[in-house]
Structure formats: structure tokens, C-alpha cells
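Please read the structure below before turning to the comments.
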Amino acid sequence: MQGAKRRFVTHLATCGNISESARVAKIESGTLYRWRSQDMEFAEAWERALEAAVDAMEAEARRRAVQGYDEPVFYGGRIVQDPDTGKPIMRRKYSDGLMRFLLRAHRPARFGETDREGKTGMISINITADDSVL
């Protein structure tokens, strides 16, 4: 794969954003879509890059939900600092929303939303070529 295509795919794998990756690789979006339709190797690399980006986001969501993250303590609109060290006092936070999302995604039969008859609600999303830049 040539340089511009490689730059695009490499950046796409890190950010998951097609428009941003196109800007970084200095490629017009129309050119990208033409290449994707004409070059199967590039199309497959594009899909692998998007999967890698989503895998990284899922790993980060899991980390925030399970291991948590540090957030400074605020009081009166200001960060509270340790009087001895002058460093901000941090508190460990966890994301219940991310935990719910991950459980619903991986165990929908057990954690998915159900209606009164106990049926899992399904959502159908159709993505067109215009939506792929989102």
C-alpha cells in the first residue's frame, strides 16, 4: 500500500474518524471512497483500522468502568489542593453508564432492555456512504 493510503489507515486505526484521518493524510474524501471501491486491499485495511479503533475505545470504556479514573476534587469552583504538597486532591470515579452499556452489548439476553413480555428491544441502524464520515 502506498504512502498516502498507509498514512490514512494508520491514523484511522488510532482515532476512528474518517474525516480527521483524511485531513492528516491530505486526501480528499471523494478520493478515499473511490480508492476503497476500486482497491480491495485498501478497503480491507480500512475496515481493519476501524475495528482496531473501536477495540481501543471498548478497552478504554472497560477500563473506566472497572478500574475507574482519577478526577480532581472541586470546592467552590476551585480544585482542592493538599496543603502539604500543593498537589490536587484526586478522587477515584467509576462509570456506571459505561458498565451498563458494556453489559448490554456483551450480554443482551441478560442485561438488555426488555418489554413487558420479556422480549429484548432491538434497534436497527442503516449506515449509508454519507454516514461513514461520522
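Here are the numbers:
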| quantity | calculated |
| --- | --- |
| In segment 57-83, residue surrounded by the fewest Cβ atoms within 10 Å (Cβ to Cβ) [restricted to those that are among the acidic types (Asp, Glu) and modelled with pLDDT under 95] | Glu60 |
| Candidate set: segment 98-134, residues that are surrounded by 11 or more Cβ atoms within 10 Å (Cβ to Cβ), closer than 30 Å to Leu12 by Cα and among the small types (Gly, Ala, Ser); chosen: the one modelled with the highest pLDDT | Ala105 |
| Odd one out for Ser29, checked against (1) under 16 Å from the mean Cα position of the chain (by Cα); (2) modelled with pLDDT under 95 | (1) |
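The values are calculated or read from the model by the stated rules, or taken from the named source; none is laboratory data. For clarity, every value in this text was computed on a predicted model and none was experimentally measured. Positions of Cβ are backbone-derived with ideal geometry, glycine not excepted, and every protein chain shown enters the neighbour counts.
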